[in-house]
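The numbers here are math on the coordinates, done by the rules we state, and not lab data. Keep in mind the model is a prediction, meaning the values are calculated, not measured. Cβ sites come from the backbone with ideal geometry, for glycine too, and all protein chains shown count toward neighbours.
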Amino acid sequence: MIYWLKSAAGPVVNRGKAAYRRFEKYAPIISFIAGFSWDNFTLGRIDRVLDNSILLFYVVLAGVLIVIQNLVNHGVLSKPFWLRYREWYPVIVQFLFGGLFSAYVVFYSQSAAFTKTDLFLAILIFLLLINEFLRERLDNLYLQMSLYFLVVFAFLTFFLPVVIKKIAVWVFLLGGFLSLGTVLGIIFGLHYFSALKSREQFQRVNSLILGLFVIFNAFYFLNWIPPVPLSLKYGSICHSVERLDGKYQITFEQPDWYQFWARFNPEFHYVEGDTVFCFASVFAPTELGTSIFHHWQKWDEKNRRWQTTDRMRYQITGGRDSGYRGYTFKKNIMPGEWRVDVETESGKTLSRMKFEAITVDSIHVDLVRITR
């Protein structure tokens, strides 16, 4: 039976290799499209068990294949079974990295406020794009370990809060140390089985991973990493917010026709004494409770900087697909440039809503009322 299976599989494998060599030059773009399309097709909520199981499988399989690839390259695994598929190892690792980076871009962009603090997201997008052209370089141990550390680190940054149902500094640090331990464990294992070129290479790659660990921790404390797994589903600057039968009715100014991306008009017209509201729906994983802040700031023209007027807090509980709804408001605002940052308890920005407060004698603009 085993002999028959080997005989039947041989021609199939050979045809696969021949087809791969024929279309090898198209492998990067095919790998990119396949990984990105598959990942976007299967992704749902950031706390969905199926999605996280798929991503965890990708992370583990990529690590296993990296180990096998290095053991084969250094002759530790020399049986024909391992050698037969050696040219496929970097292709599969590249596919897995592409799928993981595309998933991370989706999840982290949902939590990004697209301010200068989202440097980590920019790195993920960059790696997603260049990953498809790295296959011939994926034999490089330094590149392998660097990318794999980032893959594990980015996964645990949002996965642990989902599992533990808590967002805190210690949860982030736990994910960082688990990432560090995983990658250093692989490096020590390869060194033990003589799958590294030299002791000097062993020391250098360890130093590289430790350096990345320090850098990404600095990113976190500088607020350069989006606050996953939280994300803003909807936000608006409104004239009124009313709760009726468990739903919220919000009224805001209709954006101009060319502002098709805007959720509200950036010009807020008000009569002296009116109230301005900031409404936000923030998604959090099921059973995760945390605090959200609305950070109200006004532009100080004289000193050329933003001045904080209020930082208002309310509690949210996760689980609702379209986010936990909440709002804050200010009375007797002054005319001028304003912005409201929707922030986490640690000060990470989920969204930034800017508007110009303009005083009028009476409201003569198109107002829209919707239910959320």
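Sorting 44-57, 276-289 by average packing, meaning the other beta carbons within 10 Å per residue, from highest down gives 276-289, 44-57. A straight line joining the Cα centroids of the range 252-324 and the range 63-99 runs 50 Å. Sparse packing (at most 15 other Cβ atoms within 10 Å of the Cβ) combined with a DSSP loop state is found for the following chymotrypsin sites (Phe, Trp or Tyr not before Pro) in the range 187-220: F193.
For the chain, the relative contact order is 16 percent, taking Cα pairs closer than 8 Å that sit 6 or more residues apart in sequence and dividing their mean separation by the residue count.
Applying a DSSP loop filter and a limit of 11 other Cβ atoms within 10 Å to the trypsin sites (Lys or Arg not before Pro) in the range 81-159 leaves K116.
Ranked by how many other Cβ atoms sit within 10 Å of their own Cβ, fewest first, the residues H364, H294 fall in the order H364, H294.
Ordering S346, S78 from the fewest to the most neighbouring beta carbons within 10 Å gives S78, S346.
Listed options for volume of the Cα convex hull per residue in Å³ are (1) 183; (2) 246; (3) 254. The value calculated from this structure is the one marked (1).
Listed from fewest to most Cβ neighbours within 10 Å, the set W261, W338, W170, W299 follows the order W261, W170, W299, W338.
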